[in-house]
Structure formats: C-alpha cells, structure tokens
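Step one of this worksheet: look at the structure below.
The values are calculated or read from the model by the stated rules, or taken from the named source; none is laboratory data. All of these numbers come straight from a predicted model, not from anything done at the bench. Cβ atoms come from the backbone with ideal geometry, glycine included; neighbour counts cover every protein chain shown.
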Amino acid sequence: MSNNHHKVVIVGSGPAGLTAAIYAARANLSPVIYEGMQPGGQLTITTDVENYPGFENGIQGPELMDVMRKQACKFGAKCEFKEITEVDFSERPFKLKSGEENITADSVIISTGASAKLLGLESESNYMGYGVSACATCDGFFYKGLKVLVVGGGDTALEEAIYLTNFASEVVLIHRREGFRASKIMLDRAKKNPKITFSLNRTIKEVIGGKDAMGNKKVTGAVLVNTLDNSTEEISTDGIFIAIGHQPNTKIFDGKLNMDDTGYLNVKPGSTYTNIDGVFAAGDVADKTYRQAVTAAGTGCMAALDAQKWLEEKELA
C-alpha cells in the first residue's frame, strides 16, 4: 500500500468528525481527518455555545472546535486542511481524491455536515454570530426580553418562532408571500401565540447594525422590501433568525451513496452504516431533525465504534 493509504479517513471536521477522530485514534486506527472548506464546521461561525455539556460558563464555537481538534491529535489523529473532491466506493480499498492527490482507505466516516440556507446578503454575513443566527435552539437563550425576527414560511420557521417566544418579548415572522408551506397545525399554533406577529409579502434587503457598549458588532434592525410594490421600510430588532432550510453537504456522494430526496445520507436504523459496507455517516449530514453539536458528537462516537468493529471483522484493524 502507498503512504497515502489509511485505515480510517474522516471527511469533515465538525463535532461529529472530530469526535469520531478521538475514538478512532484511541483505538489505534490512526485516523486522518480531511477538514474541508470550513474546518470545525458550523460551530466556527457561532460565538457563544452554552448548551454543550462540560462548559458551565459557555465556550466560543471556534474555541470548542480547536479543543476537540487538539484532543484528537493528542491521541494520534492527523488533520489535513484539505477538501475531498472525489470519491469512489465501488471497490475496496476505497479511493478518494483531494485535488490531484490520491488517497485510499479501508473505511470512511462521512461527517460533512449541512449548511443553513441563507439570504445571501453581505450584511447578513457581516453580522452572522452577532445577531444573525440560523439556529433558534442554539441562540434563542441570548434574546430574553428582546425583539427578534424570524425569516421563512415553512414548518421550521414556525417552530423556531414558537420556540423563541420562550425567551423573546416579541417575534416577527417575515415571509415573502401570504401563503405558507408550513402545516396548518403549525400555522394555527403560531397565529394563536400572542407574542408572534406576521409581516407578509416582505423580504429582508439589508441587515442594519452597530456596536454595543463593549465595542462588539450587534444587529439593530433590518430593511424590508415589499414583494408586491417594491417599497421599503425599516424595522428595529435585536436579532434575526434565518429559517429557510438546510442543505446537506453531500454533492460529491450523489450517485455513490443512498440519500433521501433532500440529500441527507440514509443510515441503517440504530447505526451509522450507509448502504456501502465500510462507509459510515455521522452528524448533520445524516440528521435532518436535531442538528445539534452534542447529537453530532454522539453519532461521531457511534461511527468510530462502528468502523472499529467493521475493520476488526474484516481483519483490517
């Protein structure tokens, strides 16, 4: 075998990938993590993380990922700050490419995650993590007694709006049409909630912000555009939650692995096994329901244990 052959290759480096690396390294499997275009995953664009066990005073998202990475490397994992651009699972050892680099692997753990669909505004990107969020369950706690906007018209948007009423004093749902994709039961529930108001036929044109007392960036409002007559208006807010869906990062696995109609990888119930023997999936790439750092880490652990057991059965460990 070439020097570029590994027992375990981990594709992606969020909580799932790095937890898988910790377990695989401790099992003396010498895993190699290809960190991809966003090393550390979605948590690197999250400021305060207060719901990850073990950090009673919270921790910054990038810091949490850095601690996980160092822990994995301490046990013998190797991190490559490169992107896997091509895979071939048709025979073993599996073949992967990173640009012009050829890699082979006895087993592969896929933890490429999912990306929140965003509006694509420069101002949105500028205030991401400073008042703009794509996860109400991650960040809702920080908006106690404050006014927030939720953008979207599906079940996710309404669920997030309802969830945010546990903290915020006012939630304004911004939707580009009058009709909703959301289920009737969710829509009725939102309409009955006294904290939720609706701003329909509107989209966000620009996020407005300033600085807080400490000099940090903060959202103060948004410019809305009317989709019917193109008029604009300004609305004040302390936070903006984008809830227009997620896209799993599975493009390179299209036609190579079984996935659902939205692109999430299918795994066998109660495991991380994909339809290809020796290929495992962990984290948000296979989870459209929870999408939390702690659940991703849990399935990362499962994937490493599944891979270890599979390698031992094949006498490859």
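Can you find even one residue in region 90-105 that is acidic (Asp, Glu), farther than 18 Å from Ala281 by Cα and not in a loop (DSSP other than H, G, I, E, B)?
Yes: one or more hits.
Run down Arg177, Arg181, Arg189 and say which single residue is more than 30 Å from Leu18 (Cβ to Cβ), outside any loop (DSSP other than H, G, I, E, B) and basic (Lys, Arg).
None of the others qualify; the one that does is Arg189.
List pairs: first residue in region 241-268 and without any contact (Cβ under 8 Å) to a residue 24 or more places away in the chain and of a type in the set (Val, Ile, Thr), second residue crowded, with 22+ Cβ neighbours inside 10 Å and part of a loop (DSSP other than H, G, I, E, B) anywhere in the structure, Cβ distance under 8 angstrom, at least six positions apart or on different chains.
Here the result reads Val267/Thr274; Val267/Ala286, each pair linking region 241-268 to a residue that is crowded, with 22+ Cβ neighbours inside 10 Å and part of a loop (DSSP other than H, G, I, E, B).
Just checking, which of Ser115, Ser125 is more than 14 Å from the chain's Cα centre (by Cα), surrounded by fewer than 20 Cβ atoms within 10 Å (Cβ to Cβ) and of a type in the set (Ser, Thr, Tyr)?
So the residue among Ser115, Ser125 that is more than 14 Å from the chain's Cα centre (by Cα), surrounded by fewer than 20 Cβ atoms within 10 Å (Cβ to Cβ) and of a type in the set (Ser, Thr, Tyr) is Ser125.
Please tell me if Asn4 is of a type in the set (S, T, N, Q), touching a residue at least 40 places away in the same chain (Cβ under 8 Å) and at positive phi.
no
Given the criterion out of contact with any strand residue (DSSP E or B) (no Cβ under 9 Å at 6 or more places or on another chain), farther than 30 Å from Gly131 by Cα and without any contact (Cβ under 8 Å) to a residue 24 or more places away in the chain, identify the matching residue among Glu91, Glu56.
Glu91
Report the residue count in region 155-164 for those that are crowded, with 17+ Cβ neighbours inside 10 Å and farther than 15 Å from Asp188 by Cβ.
Matching residues across region 155-164 total 3.
Of the residues Phe55, Phe75, which is modelled with pLDDT under 95, of a type in the set (Phe, Trp, Tyr) and on the phi < 0 side of the Ramachandran plot?
Step by step, each of Phe55, Phe75 is checked, and only Phe55 is modelled with pLDDT under 95, of a type in the set (Phe, Trp, Tyr) and on the phi < 0 side of the Ramachandran plot.
So which residues in region 217-268 are closer than 27 Å to Ser133 by Cβ, β-branched (Val, Ile, Thr) and assigned to a loop (DSSP other than H, G, I, E, B)?
Residues satisfying the conditions are Thr227, Thr237, Ile244, Thr250, Thr262.
From the residues in region 72-99 that are closer than 15 Å to Asn28 by Cα and among the basic types (Lys, Arg), which one is surrounded by the fewest Cβ atoms within 10 Å (Cβ to Cβ)?
In this case the residue turns out to be Lys74.
Which one of these is within 26 Å of Val285 (Cα to Cα) and modelled with pLDDT of 95 or more: Gly129, Gly152, Gly140, Gly209?
So the residue among Gly129, Gly152, Gly140, Gly209 that is within 26 Å of Val285 (Cα to Cα) and modelled with pLDDT of 95 or more is Gly152.
Answer with yes or no whether Leu311 is farther than 17 Å from Gly12 by Cα, touching a residue at least 24 places away in the same chain (Cβ under 8 Å) and not in a loop (DSSP other than H, G, I, E, B).
In short, yes.
Is region 255-273 home to any residue that is more than 21 Å from Gly41 (Cα to Cα), surrounded by 17 or more Cβ atoms within 10 Å (Cβ to Cβ) and charged (D, E, K, R)?
Yes, that holds for at least one residue.
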